[in-house]
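Worksheet: the structure to be examined is printed underneath.
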Amino acid sequence: MKFPKNLSEKLETRKQNNALRKLSQKQEKIDFVSNDYLGFSRSEKLFQETHQYLVKHNYTQNGATGSRLISGNHPLYSITENYIANFHQSESALIFNSGYDANVGFFSSVPQKGNLILYDELIHASIRDGIQLSNAKSYKFQHNDFEDLERLILKFNHASTTLYVATESVFSMDGDTPNLEELITLTEKYNCYLVIDEAHALGVFGAQGEGHVQEMGLQDKVFARIMTFGKGLGCHGAVVLGSNELKNYLVNFSRSFIYTTGLSPHSVATIFMAYQHLEKEKSTLLQLRENINFFNQEKQMMGLRPLFVRSKSAIQCAIIPGNEKVKNIASQLQENGFDVKAILSPTVPEGQERLRICLHSYNSKEEISSLLKFLSDLIY
C-alpha cells in the first residue's frame with residue numbers, strides 16, 4: 001500500500017538518529033520504568049474491593065456508553081468527584097478520561113483570544129498541544145526561572161490582559177520541583193491565573209499523597225490543579241480541580257470532555273477506591289519515600305550524584321549524552337534484569353539524553369543498590 005514519501009523520510013530520519021520508537025511487550029524484569037509508584041495497578045486487594053463495591057451498589061448494571069452529557073454520566077461520577085474535591089480541599093472536581101484529555105481540554109478552551117499563556121519550557125507535551133489549540137498567545141519561560149517569567153510578564157502584560165501561567169509541581173522528565181511559594185508570590189503580584197499539573201506528585205507528596213501544592217498548603221492560591229491517575233493511582237483518568245464556575249465552564253466548552261465517551265462504572269469505581277487507599281494505606285506511601293531517600297543516599301555514596309538531576313521525587317534521571325551511548329547502557333541494564341528505559345532526543349533536547357529511573361514502594365533496597373552498582377560499573 002502506498003505511503004506518503006515525506007512521512008517515510010521522517011521515519012528514516014528517526015532510524016538514522018537511532019531514535020525510532022517501537023512498541024514492546026513488558027518483560028519480567030525488576031520494575032524501574034513504570035509510573036505505578038505505589039503499586040496500585042498490581043494490587044489484588046484494590047481490584048477485589050473495586051469489584052465488591054460495584055456489586056454491592058448494583059453499579060454493574062449501569063454500563064450505558066456515551067458522552068457524559070448524553071448517557072454516560074452514571075451516579076458514580078458525582079460520588080467520586082465529590083470525594084476527590086473534599087480530599088484535595090477544592091471547591092469542585094471534574095473527571096476526564098486521561099491526563100492528556102484534561103490538559104488539552106483545559107488549555108484549548110479556557111484561555112481566550114487576547115489572553116496570554118506563559119509556560120515553563122519543559123512543560124508536558126499534552127499542555128503544549130492544548131496551548132496550540134488555544135486562541136491565546138503563548139510564550140515559554142526558562143525552566144523554573146521566575147526572573148525570566150517576570151521579565152515576560154512585564155513585557156507582555158497590560159491592564160486588560162488575562163494572563164495564565166502553567167507549570168508542573170513535579171516535572172515528568174527531570175523529577176524536579178519548582179519553588180511554589182516564590183511562584184505564587186509572583187503570580188499574585190501580577191494577578192495571573194496559575195495552573196499546575198500534578199500528575200507526578202499525586203501519591204508521592206503530602207501526608208496522604210495529595211500532591212505538592214496541598215503539601216505546601218497553597219491549594220487556595222492556584223486557579224486550577226490537574227491530577228492524573230495513571231501514575232500514583234495506577235488507573236485511568238484525570239481530574240481538573242478548581243472553582244464551581246471553572247467546572248461549569250469546562251462542561252460547556254471543553255471539547256475533549258464534551259465529545260468523548262465517559263469512563264465505565266468500573267473505571268470510575270477504581271478511581272474512587274484508589275483514593276480511599278491513599279487515605280488508608282499510609283505504609284505504602286511511607287515505603288516509597290524511604291526508597292527515594294535510600295536511592296539518593298546510595299547514588300551519593302557510589303559517586304553517581306553528578307550524573308543525576310537533583311530530585312526528591314520518584315523520578316530520578318541520569319544524564320548520559322548521546323542516543324547511542326544511553327541506549328547501550330540501558331540495554332546492558334536490561335540484560336542484567338533491570339527494567340530501565342533510555343529517553344532519547346528529540347523527546348529531550350540533544351545532549352540531555354538520559355536514563356529515567358522510576359522508584360516504587362515495592363522496590364527493595366537490595367534491588368536499588370544492585371541497580372546503582374551496575375550503573376556505576378558501566379559508567380566508570
Take LEU154 and tell me if it is touching a helix residue (DSSP H, G or I) at 6+ places or on another chain (Cβ under 7 Å) and in the same structural domain as TYR190 (by TED's automatic domain parsing).
no
Unique match (being assigned to a loop (DSSP other than H, G, I, E, B), crowded, with 24+ Cβ neighbours inside 10 Å and more than 17 Å from the chain's Cα centre (by Cα)) among LEU263, LEU233, LEU202
LEU263
Right, PHE294: in contact (Cβ under 8 Å) with a residue 24 or more places away in the chain, touching a helix residue (DSSP H, G or I) at 6+ places or on another chain (Cβ under 7 Å), not small (Gly, Ala, Ser) and not assigned by TED's automatic domain parsing to the domain that holds LEU202 or not?
yes
Per the filter on region 348-380, residues exposed (fewer than 15 other Cβ atoms within 10 Å of the Cβ) and either modelled with pLDDT of 95 or more or part of a loop (DSSP other than H, G, I, E, B) (or both) are PRO349, GLU350, GLY351, SER364, LYS365, GLU366, LYS373, TYR380
Is it true that some residue in region 168-178 is free of Cβ contacts under 8 Å to residues at least 60 places away in the same chain, over 29 Å from LEU344 (Cα atoms) and either buried (at least 19 other Cβ atoms within 10 Å of the Cβ) or under 12 Å from the mean Cα position of the chain (by Cα) (or both)?
no
Residues (among the polar types (S, T, N, Q) and assigned to a strand (DSSP E or B)) located in region 114-148
SER138
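Residue-by-condition table, conditions (1) more than 30 Å from LYS155 (Cβ to Cβ); (2) assigned by TED's automatic domain parsing to the domain that holds ASP174; (3) in contact with a helix residue (DSSP H, G or I) (Cβ under 9 Å, 6 or more places away or on another chain); (4) among the polar types (S, T, N, Q):
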site: GLU49; (1), (2), (3), (4): yes, no, yes, no
site: SER67; (1), (2), (3), (4): yes, yes, yes, yes
site: TYR83; (1), (2), (3), (4): yes, yes, yes, no
site: LEU94; (1), (2), (3), (4): yes, yes, yes, no
site: SER108; (1), (2), (3), (4): no, yes, yes, yes
site: PRO111; (1), (2), (3), (4): no, yes, yes, no
site: ASN115; (1), (2), (3), (4): no, yes, no, yes
Looking at region 32-43, I want the residues that are at positive phi and have a partner that is surrounded by 20 or more Cβ atoms within 10 Å (Cβ to Cβ) and in a loop (DSSP other than H, G, I, E, B) with Cβ atoms under 7 Å, at least 6 apart or on another chain. Which pairs are those?
GLY39/HIS360; GLY39/SER361
Qualifying positions in region 20-35 - surrounded by 17 or more Cβ atoms within 10 Å (Cβ to Cβ), assigned to a loop (DSSP other than H, G, I, E, B) and in contact with a helix residue (DSSP H, G or I) (Cβ under 7 Å, 6 or more places away or on another chain)
PHE32
Near pairs, Cβ below 6 angstrom, 6+ apart or cross-chain, from region 45-56 (surrounded by 12 or more Cβ atoms within 10 Å (Cβ to Cβ)) to any residue that is at pLDDT 90 or above and among the β-branched types (Val, Ile, Thr):
THR50/THR270
Taking the criterion of being at pLDDT below 95 and in contact with a Ser or Thr (Cβ under 8 Å, 6 or more places away or on another chain), would at least one residue in region 70-90 satisfy it?
yes
Could you go through region 168-188 and let me know if any residue there is at pLDDT 95 or above, of a type outside the set (S, T, N, Q), assigned to a strand (DSSP E or B) and under 27 Å from HIS236 (Cβ atoms).
yes
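Rundown of residues vs (1) outside the structural domain of LEU133 (by TED's automatic domain parsing); (2) surrounded by fewer than 16 Cβ atoms within 10 Å (Cβ to Cβ); (3) free of Cβ contacts under 8 Å to residues at least 60 places away in the same chain, yes/no style:
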position: GLU298; (1), (2), (3): yes, no, no
position: ARG305; (1), (2), (3): yes, yes, yes
position: ARG310; (1), (2), (3): yes, yes, no
position: PRO321; (1), (2), (3): yes, yes, yes
position: SER331; (1), (2), (3): yes, yes, yes
Which listed residue, of GLY66, GLY72, is on the phi > 0 side of the Ramachandran plot, assigned to a loop (DSSP other than H, G, I, E, B) and surrounded by 11 or more Cβ atoms within 10 Å (Cβ to Cβ):
GLY66
Only one of VAL251, VAL240 is at pLDDT 95 or above and crowded, with 21+ Cβ neighbours inside 10 Å; which?
VAL240
Take the residues of region 205-230 that are of a type in the set (A, V, I, L, M, F, W, C) and within 23 Å of CYS358 (Cα to Cα): which is surrounded by the most Cβ atoms within 10 Å (Cβ to Cβ)?
MET227
Does ALA207 qualify as being modelled with pLDDT under 95 and part of a loop (DSSP other than H, G, I, E, B)?
yes
Return only the number of the condition from (1) within 30 Å of LYS373 (Cα to Cα); (2) modelled with pLDDT under 95; (3) not polar (S, T, N, Q) that GLU281 does not satisfy.
(1)
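The values are calculated or read from the model by the stated rules, or taken from the named source; none is laboratory data. Here the structure is a predicted model, which means the values were calculated and not measured. Ideal geometry is used to build each Cβ from the backbone, glycine not excepted, and the neighbour counts take in all protein chains shown.
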